[in-house]
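Here the structure comes first, spelled out in C-alpha cells, and everything after it is commentary.
The values are calculated or read from the model by the stated rules, or taken from the named source; none is laboratory data. Please read all numbers here as calculations on a predicted model, not as lab measurements. Here the Cβ is made from the backbone with ideal geometry for all residues, glycine too, and neighbour counts use every protein chain on show. These accessible areas exclude ligands, DNA and RNA; they are computed on the full protein's heavy atoms, side chains included. Shrake-Rupley method; radii C 1.70, N 1.55, O 1.52, S 1.80 Å.
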Amino acid sequence: MTLDSTAHIMSSIGAELAGRLRLVTPDGRRRQAPCAPPALVLVAHGSRDPRALRTVRALMDRVRETRPALSVHLGHIEIDEPPLPDTLAALGGSEAVLVPLLLSPGHHVKRDIPEMAAASPARARVAAPLGPHPLLVETLYDRLTEAGWPAGTDAATCRASAVVLAAAGSRDPDSAAGTRRTARLLADRLGVPVVPAYASAAAPTVPAALRALAARGRHRVAVASCFTAPGRFATQCAEAAPWIASAPLGDHPSMARLVLHRYDQTLAAPGTITEPALASA
C-alpha cells in the first residue's frame, strides 16, 4: 500500500469519525436533529380572473427563492384551487403560519381564516394582514412609478396632482382604518394627497373620490391599485382612472419580503397556536 493511499484512508476515517461525533453531545448523549421551521401558508382570496392565480403563484415562487429552506404552500379562501382547508389537511398535524395576502384587517382575517385553521388538523397561527406597512407602501410607490408617475415634479404640478388609493373595501371599521394608514404613508412618500377609495362595501367609491379631487382643483390624479393580484375590482378601479393607474402589487420583491416579515413576526410573538381539530367519533 502506498503512502498516499494510506493517508487517503486515514483522512476518510477521520472525516467519518468527525461526522459521527457531531451527532453526540460532550456527555455522550445523541444530539437531536434540528427541527424544520413551521410551514408558511400563503392565504389568497381567490378570483375568477385567471391572472390572479398566476400572480399569486409567482409571488409564492419569489418567497421560495428568497428563503429556499422554508416550506411554502398556497391555499384560497374561495373560488380558486387549492382551497385553504385542503392545504391545511395535507400538512397533517404539523405547525404552520398562515399569512393572509390581504392588505388590511377585516372579516376574512378575523373570522374566516382562523375558523378554517381551527377546523384543520394543523397546529396553525394566523399572521397579520400585509398592510399597513412601509414595505407595502414601497411596492405601491414602485408600481406607480412603473405606470408613469414622475420621479420629481415642481410645486405647481404637485398642487394639481393627487392619488386615489383603490382598495377592495369592507364593512369592518378596522379595515378602513388600515387603508387610511396606508394612504397616509403613501402621501408622505409622494408629497401629494392620497385619498382611500373602495370598490365595494365602503365609501367613497373610486369615481366619487375622483370627482371630489377634481372639485378641489386636483385634475392630475393617478389610481394606485391596492390589490394583491388582478381581478374584477382591480380592473374596474383602473378603468376609472383619468390619468394613470398602477398595476396590482403582484410578485414585487418587497411583497415577498413583507410576507416573510409577517411570518417571522408571528413566530416571534407569544401567540396562541390553533390546536388540531379532534376527529369526529
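What the table shows:
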item: Within the range 201-250, considering residues that are on the phi > 0 side of the Ramachandran plot and open to solvent by 20 Å² or more (accessible area, probe 1.4 Å), the one modelled with the highest pLDDT; result: Gly217
item: Qualifying residues in the range 49-64 (those that are aliphatic (A, V, I, L, M) and closer than 13 Å to Tyr263 by Cβ) - the one surrounded by the most Cβ atoms within 10 Å (Cβ to Cβ); result: Val63
item: Answer residue from the range 146-158, given it is surrounded by 14 or more Cβ atoms within 10 Å (Cβ to Cβ) and not small (Gly, Ala, Ser) and is nearest to Arg211 (Cα to Cα) among those; result: Cys158
item: Matching option when the condition is closer than 19 Å to Pro150 by Cα and in contact (Cβ under 8 Å) with a residue 40 or more places away in the chain, among Pro193, Pro248, Pro242; result: Pro248
item: Subset of the range 65-113 that is assigned to a loop (DSSP other than H, G, I, E, B), among the aliphatic types (A, V, I, L, M) and open to solvent by 50 Å² or more (accessible area, probe 1.4 Å) - its residue that is farthest from Thr228 (Cα to Cα); result: Ala69
item: Positions within the range 176-205 being touching a helix residue (DSSP H, G or I) at 6+ places or on another chain (Cβ under 8 Å) and either among the acidic types (Asp, Glu) or under 14 Å from Pro132 (Cβ atoms) (or both), in sequence order; result: Thr182, Leu185, Leu186, Arg189, Val194, Pro196
item: Residues located in the range 176-200, provided they are in a helix (DSSP H, G or I), over 20 Å from the mean Cα position of the chain (by Cα) and buried (at least 17 other Cβ atoms within 10 Å of the Cβ); result: Ala187, Leu190
item: Residues satisfying the stated conditions in the range 134-188, i.e. farther than 24 Å from Ala256 by Cα and among the β-branched types (Val, Ile, Thr); result: Thr153, Thr157, Val163, Val164
item: Per-region count, the range 117-139, residues more than 15 Å from Asp251 (Cα to Cα) and assigned to a loop (DSSP other than H, G, I, E, B); result: 10
